[in-house]
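The block underneath contains the structure these notes are about, expressed in structure tokens.
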């Protein structure tokens with residue numbers, strides 16, 4: 001993905017699906033799935049009462065990743081995803097231009113317990129979840145007192 005000079009368009013979400021994914025195929029055969037992710041903000045107000053606000057996010061996933069999402073994600077699934085914001089427009093039936101902003105996911109990870117990810121799915125067909133691995137190579141050992149320049 002090419003970036004403009006000095007710009008970043010990055011979205012990271014950790015939330016739960018509000019409904020089952022809607023897997024569809026475009027006229028040229030590309031898989032696309034639309035999901036709705038809920039994230040929550042919880043805080044305590046000045047009176048000491050717990051407050052909660054739920055934010056809903058529209059997410060679009062394309063191609064093979066869409067097929068995986070359509071097969072394995074279910075309403076209530078906990079998912080971590082990364083992507084970018086995109087705004088698209090269309091003309092409605094009255095020829096009024098409408099706009100929507102959504103997240104186009106580049107990657108996602110299914111979280112939660114195994115039963116949450118795979119209810120009713122044979123174990124042999126579930127892709128193995130990657131263990132958390134850092135992209136940072138192993139760091140060199142800490143210097144000993146003999147290695148310090150002073």
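Read-outs: derived from the displayed coordinates by stated rules, not from any lab. Being a predicted model, the structure only gives us computed values, none of them experimental. All Cβ positions, even for glycine, are placed from backbone atoms using ideal geometry, and neighbour counts span all protein chains on display.
Observations on the model:
- DSSP beta bridges fully contained in the stretch 11-119 are about 95 percent antiparallel.
- Protection-proxy order for peptides 40-50, 66-76, each taking the mean of Cβ atoms within 10 Å per residue, highest first: 66-76, 40-50
- In a fully extended conformation the segment linking residue 111 and residue 75 would gain 11.7 nm over its present Cα-Cα distance, using 0.36 nm per residue.
- For the stretch 11-119, the gyration tensor built on C-alpha atoms gives an oblate shape. Its axis ratio a/c (a ≥ b ≥ c) is at least 1.5, and a/b is not larger than b/c.
- Once the chain from residue 94 to residue 22 is taken as fully extended at 0.36 nm per residue, the excess over their C-alpha distance is 23.3 nm.
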